[in-house]
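Some notes on the structure that comes next.
Where a number appears in this text, it was derived from the coordinates with a stated rule and is not lab data. Nothing here was measured: the structure is a model prediction, and the numbers come from that model. FYI the Cβ positions are ideal-geometry reconstructions off the backbone, even for glycines, and counts take in every protein chain you see.
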Amino acid sequence: MSSNSIDFKGRVAIVTGAGGGLGRQHALALAARGAKVVVNDLGGARDGSGGSVSAAQAVVDEIVAAGGAAIANGASVTDFEAVQAMVQQAVDAWGRVDILVNNAGILRDKSFSKMEIADFKLVVDVHLMGAVNCTKAVWALMNAQKYGRIVMTTSSSGLYGNFGQSNYGAAKLALVGLMQTLSIEGAKNDIRVNCLAPTAATRMTEDLFPKEMLEAFQPDAVVPAMLVLASQDAPNRTVLCAGAGVFEAAHITLTQGVWLGSGPDAPEQLAARLAEVTSREGEVVPQSGATQGSNEVGKAMAAKVDK
Ligand code: NAD
């Protein structure tokens, strides 16, 4: 039985790209559980062209009609000055920002051979730099108030690859890299940074998924994962995958490895023992890049060197 214990009374949230799809569901759910919400959306087409604040305003109207508090914002997440003004808008209205859900996104799918550099750059600009801009714009105030919950929206296309999405996949995995460091830097001031990898039927996927899949993957089935990552008791540095009511976690692991030294035949030895090097038995998740060589694996290798 649900106790509805995750609540956001007194919290202020910004959800980017919340004029439709997953962002709209995120904004509605946060507002329904008490958050005051800045509903941001550029209101453009799926490929990022065009724009109007009316998509965000429609979601604000829905929230207000349901008794919640929300304001609309039409900034492009790619425009740092406009993003800073959006954060100021939240602070002027409600005095703080507790939660940032970096959700805005576009697609410019093409195989890498056919992809123009401009399409690669634009997708990286919206997904990666958009999240960087919004996070930078709330970072100082979250540090000062010693509280913040930031959700990056990554994707299985970034974690595992997908034909035609080299630009999108690269940008999406970059957000995991951003999370890895920000979760370390923010921890002392209770800023927790996590990633959500959703799967949902939205305009982004309407012509990519088969019909049966579109029916099963309703966007609201992703929302519980976002609510947990935005909540007071959120984990830190977790990649949660969510779709059709299924929840999983993705990890970037390190194998036990072998010590080969750097003698002249090291390449041949490595080739001969590649299966052992890549074996997943006993793999670990290092707590930071700096601990890669000082964790159990590192110690074991050092011990081998000493012998
Ligand atoms: P969507 O197209 O319905 O929503 C994206 C929203 O972002 C749109 O409303 C759009 O107007 C807005 N937007 C685009 N560029 C913007 C900008 N520069 N500034 C502000 N807003 C902007 O798609 P969705 O499926 O709801 O996607 C939401 C997020 O989830 C995206 O980051 C997407 O990459 C990610 N995602 C979705 C799926 C899926 O299965 N739907 C899978 C993996 C990741």
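A few notes on this one:
- For the chain, taking Cα atoms only, Rg and Dmax work out to 21.2, 73 Å respectively.
- Computed over every Cα-Cα pair of segment 163-278 and binned at 10 Å starting from 0, the pair-distance distribution P(r) comes out as 12, 28, 27, 20, 11, 2 percent.
- Residues in segment 210-216 carry Karplus couplings, in order, of x, 4, 4, 5, 4, 5, 6 Hz; the curve used is 6.51 cos²θ - 1.76 cosθ + 1.60 with θ = phi - 60°, and Gly or Pro positions show x.
- Counting only DSSP beta bridges whose two residues both lie in the chain, roughly 20 percent are antiparallel.
- Segment 1-110 - convex hull of alpha carbons, volume per residue in Å³: 105 Å³
- Protection proxy ranking of 123-129, 201-207 - average other beta-carbon atoms within 10 Å, highest first: 123-129, 201-207
- Reciprocal of mean inverse Cα separation for segment 194-244 (Kirkwood radius, Å): 11.6 Å
- Remark: segment 1-59 carries a charge dipole of roughly 200 debye about the Cα centre, counting +1 on each Lys and Arg Cβ and -1 on each Asp and Glu Cβ.
- Distance from segment 159-179 to segment 194-267 (C-alpha centre basis), Å: 11 Å
- Tally of Lys pairs whose C-alpha atoms are under 15 Å apart, taken over the chain, 8 or more apart or cross-chain: 5
- Entry note, the chain: the mean residue ellipticity at 222 nm calculated from DSSP H runs of n ≥ 4, each adding -39500 (n - 2.57), is -12000 deg cm²/dmol after division by the residues and rounding to the nearest 500.
- Radius of gyration, Dmax [segment 210-276; alpha carbons; angstrom]: 21.1, 58
- Simple Cβ-charge dipole of the chain, Lys/Arg +1 and Asp/Glu -1, about Cα centre, in debye nearest 20: 540 debye
- For the pair Val277 and Lys114, the difference between a 0.36 nm per residue extended length and the Cα-Cα distance amounts to 55.1 nm.
- All Cα pairs of segment 70-159, percent lying beyond 18 Å: 49 percent
- Considering only Gly177, Gln88, Gly282, the residue lying farthest towards the positive end of the dipole of the chain is Gln88, judged by Cα position with unit charges set on Cβ.
- For segment 33-95, the residue among Gly68, Ser54, Gly43 whose Cα projects farthest onto the positive side of the dipole built from Cβ charges is Gly68.
- Farthest positive-ward along the chain dipole, Cα basis, beta-carbon charges - from Ala230, Phe217, Met204: Ala230
- In this structure the amide hydrogen of Gly34, modeled in the peptide plane, comes within under 5 Å of the amide hydrogens of Phe8, none closer than 5 places in sequence on its chain.
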